[in-house]
């Protein structure tokens, strides 16, 4: 059972009957590109997951739950059933390269329901291609299954007031530092960060080739950021609750399990202009 990352060689060695491969490629600037890329070619046997329609519920945006609101338990269970998932079946998700978008999101959603045998392909589709592994244009037709999973509410924060009143927990923002500081904001209504949040850009989890750093290196780096806080007192966020899952995955891979997600993230926070916004470097403000 692989529960965080899986290498190209490990995935290639699995029997097709023993794994559900899910192509999660997505482009924020072109919502249809991921599926077009999937139809053009994909890892043999892979089904396609849409970030917007399978791993999010865009109908809930107006509720202040961010740009990528979580799907309901029923909707997520239906997507898994459509793909033919069953308990005990290894799941492997991948995206175009570094796992930062929907691949880590699918990993986290499954973990949120208690499923442990799910891993992200380290290096993604790019690594698969570099290794000259086979690709396919065939769209599989899995036999549908009945799935009824439930989220563990203790692992997720949806309440903005609870985030505003965090006492012993550290909010960790996965966005790029210029967005965190409020120097630029390409997607959301306002620039900056939640007061008190620290910054750990998800890109710092990766080597130059798009693969994750070693577990030991990640552990050292995260401990330097979170200080005295234990993993159970870390709450991750980003722009819309997607790339934050990359930090969750990296911490889990580093042996720092138990952190949570503020799912609405920055886009949900700034949906109400009365909520406070901080800019600049949090460490400098503390000094």
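The values are calculated or read from the model by the stated rules, or taken from the named source; none is laboratory data. Source: prediction; values computed, not measured. Methodologically, a virtual Cβ is constructed for each residue, glycine included, from the backbone with ideal geometry; neighbour enumeration extends over all protein chains shown.
Checked against the criterion of being under 19 Å from residue 238 (Cβ atoms) and in a loop (DSSP other than H, G, I, E, B), segment 70-79 contains one or more residues that satisfy it. Residues of segment 38-69 that are crowded, with 22+ Cβ neighbours inside 10 Å and assigned to a loop (DSSP other than H, G, I, E, B): 43, 46, 49, 51, 54, 55, 56, 65, 66, 68, 69. Residue 123 fulfils the conditions (1) in contact with a strand residue (DSSP E or B) (Cβ under 8 Å, 6 or more places away or on another chain); (2) surrounded by 16 or more Cβ atoms within 10 Å (Cβ to Cβ); (3) not assigned by TED's automatic domain parsing to the domain that holds residue 194 except for a single criterion, (1).
What number of residues in segment 138-151 are exposed (fewer than 12 other Cβ atoms within 10 Å of the Cβ) and under 22 Å from the mean Cα position of the chain (by Cα)? Residues flagged as exposed (fewer than 12 other Cβ atoms within 10 Å of the Cβ) and under 22 Å from the mean Cα position of the chain (by Cα) within segment 138-151 amount to 1.
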